[in-house]
Number of protein chains: 2
Amino acid sequence: MAQLVVTPLYSAHRFGSGDELLPHLLTALSDASITVEDFDLLVVTSKVVSKVEGQVVSFNGTEEARESLIESQSRRILRRRGGLRITETHHGFVNANAGIDFSNTEPETAVLLPVDADKSARALRAQFSHATGKTVGIVITDTFGRTWRNGVADVALGAAGIQVIDDLRGQSDDSGRLLEVTQVAIADEIASAANLVVAKDGSTPFVHIRGLATKHFGSSSVAEHIIRPANEDLFR
Amino acid sequence: MAQLVVTPLYSAHRFGSGDELLPHLLTALSDASITVEDFDLLVVTSKVVSKVEGQVVSFNGTEEARESLIESQSRRILRRRGGLRITETHHGFVNANAGIDFSNTEPETAVLLPVDADKSARALRAQFSHATGKTVGIVITDTFGRTWRNGVADVALGAAGIQVIDDLRGQSDDSGRLLEVTQVAIADEIASAANLVVAKDGSTPFVHIRGLATKHFGSSSVAEHIIRPANEDLFR
C-alpha cells in the first residue's frame, strides 16, 4: 500500500551564514531514529537555506526600509494594499512582500529568499548522496498566500531529484476518455504535506517523508517547470 | 513525535445517485486494516460525493453544451482562454470551468460540484460518529488550478470537525516578535497531502490520515472561513 509517512525533524541549532545544512540534517534524522532509504524525501524550510547562504540583511524596522527592501527583491509590484505588496520576485515567484521574512529572524535583520533554491536543493542532494549513498528527493519550501482563498500554504521554492509536476497528459480515465486534470504540482503538495507537521516556532527546519510513489522521482526544477511565465498567466 | 500517516483507501464500488458513502468508507477502512481512532481524518474526493448526491447531468460532448453547463454553475466568468473558463461558482469558489468534471464520468454525463460540501462533510461525520463512536475530521477535496504556478493541487471543498484555518494571529516567534504568517490553510494542506497517495484512476475515493495535531480539530467551514470574499480579493 502506498502509505505516506511524514515526520518532522527537530534541530536545536540556530542556523547562520556559512553553516552547512548536511551535518544538522543528519543529526536530526539520527535523533528521530530514521535511517534514510532510496526514494525518501527530505523537505527543508527555505528560512534555514537562506540563513546558511547568507541571505540575511540588516533591517531597522521602519516602513521605508521595509518598502525599499521589498522593491529591491522584486521585478515588479502587482498589487498594493496597506503594507502588503503582491510582488513578482526576480526569480519569477509571485508572493507577498517578495517572500522577505521580517519575523523569526535575529533582531534588526530580515531574511531574503535563497538566490536559487533549485540549485541549493541539488547541492544538498549531492552532499547527502555522497555522505550516505542514498538517492533522495529534496524539496525546499516557503509559505505563500493564494488568490481567492484565505490562509497561506507551503509550496516548493526549489527541488532536486523529483518530478515537480506529474504530467498525465495523454493518459485516459477508467472509461477510456482523456483525463482533464493533466499536470499535478506534486512538489507543492509535498510542501503542503510537510507543513502540517512543522512547528511554527522554527524548531523543525527539516521534514522526512517516506512512501511517495517512485514514478515521482527524476530530474526537474521549480524555476523551469512550476513557475508559470507571465505571458501564460491570466492574472498578471 | 507528531508523525502524519496518510493512507489511500481503495473501493471497487462505482458510486451512483442515492448510494450511501458510509458503508463503502467503512469497508475500505476495514480492507486497509485500519481501526479509526478519535482525531483521525477522513478525506473524501468530491467526485464520489457529487455522484451519491446526484450531481450528475447529461452532457452530449458538444462545445455549446459544455459552455452552457459551465455558465449555469457560475456566478461570473473571470477569464476566458480557448476552451478554458476561470469561473466564480455559485458557492464562491474560483476555479476552472466551474469545477465541472467532464472526464472519469459515465458516458454522456458530466459531474457538478456538490451543492454544499461543508454540509456533506458534516453529515458524513455525524453518520461516522453514530456508527463507530469515533470523533473524526472530514475533508472533501477537489482539484484546482492556481494563479502564477503550473499544475493543479487538491484543496478543501468542504470540511467538518476541523479548524480549516490555523489562526496564529497574536502569537510570537522565538524572538518574541509577532509572527508574520498568521493564518494557515490547514484544510487545503490536508487535501494536498491526501492527493499525493490518491490513484488517478478514481479507485481510491477515500484517504485516511492519522497524526494531525489535535489543536486543528474543532468547528469551522470552508465556505465561511476559506473562501475569500470578492471584495477582499486583490485579483478579481
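Read the figures in this text as sums done on the coordinates, not as results from a lab. Note that the structure is a prediction, hence the values are computed from the model and not measured. With ideal geometry, Cβ positions are generated from the backbone for all residues, glycine too; neighbour counts draw on all protein chains shown.
Pairs of Cα atoms nearer than 8 Å and 6+ residues apart set the relative contact order; for segment B:56-113 it is 34 percent.
Counting, for every residue in B:185-191, the Cβ atoms of other protein chains within 10 Å of its Cβ and taking the mean gives 6.
With no solvent and one point per C-alpha, what does the Debye sum give as log10 I(q)/I(0) for segment B:74-169 at q = 0.10, 0.23 Å⁻¹? Log10 of I(q)/I(0), two decimals: -0.36, -1.23. Using a Gaussian network for chain A with springs between C-alpha atoms less than 10 Å apart, which of these wobbles most: A:GLU71, A:GLU53, A:GLU224? Evaluated over chain A, the most mobile residue of the options is A:GLU224. Residues whose amide H comes within less than 5 Å of that of B:LEU157, counting only those at least five positions distant or on another chain, are B:ILE140, B:THR141, B:ASP142 (H built at 1.01 Å from N in the peptide plane).
Taken residue by residue and averaged, Cβ atoms of other chains lying within 10 Å of the Cβ of B:4-15 number 3. Inter-copy label distances for A:VAL57: 5.1 nm (label point placed 7 Å from Cα along Cα→Cβ; shortest first). Non-local lysine pairs in the protein assembly as shown, meaning eight or more places apart or on different chains, with alpha-carbon distances under 19 Å, amount to 14. Per residue, the convex hull around the alpha carbon atoms of segment B:56-113 comes to 71 Å³.
Here the scattering of the protein assembly as shown is modelled by Debye summation over its C-alpha atoms, one equal scatterer each and no solvent; at q = 0.06, 0.09 Å⁻¹ the log10 of I(q)/I(0) is -0.25, -0.58.
A point 7 Å from Cα along Cα→Cβ stands in for A:GLN127, and the other copies hold the same point at 5.2 nm, listed in rising order. Among the GluC sites (Glu not before Pro) in segment B:106-199, those located in a DSSP loop and surrounded by at most 10 other Cβ atoms within 10 Å of their own Cβ are B:GLU108.
Defining a contact as two alpha carbons under 8 Å apart and six or more residues distant in sequence, what relative contact order in percent does chain B show? In percent, rounded to a whole number, it is 27. Applying 0.36 nm per residue to the separation of B:GLU63 and B:SER172 and subtracting their alpha-carbon distance, the gain on full extension is 33.9 nm. For the residues of B:196-205, the average number of beta carbons from a partner chain within 10 Å of their own beta carbon is 5.
Sort chain A into rounded, prolate or oblate with this rule: let a ≥ b ≥ c be the square roots of the eigenvalues of the Cα gyration tensor; rounded if a/c is under 1.5, and if a/c is not under 1.5, prolate when a/b is larger than b/c, oblate otherwise. If you can, show how the numbers build up before the last one.
Numbers: a/c = 2.00, a/b = 1.14, b/c = 1.76.
Here chain A falls in the oblate category.
Within segment A:76-110, none of the trypsin sites (Lys or Arg not before Pro) combine a DSSP coil assignment with at most 14 other C-beta atoms in a 10 angstrom radius.
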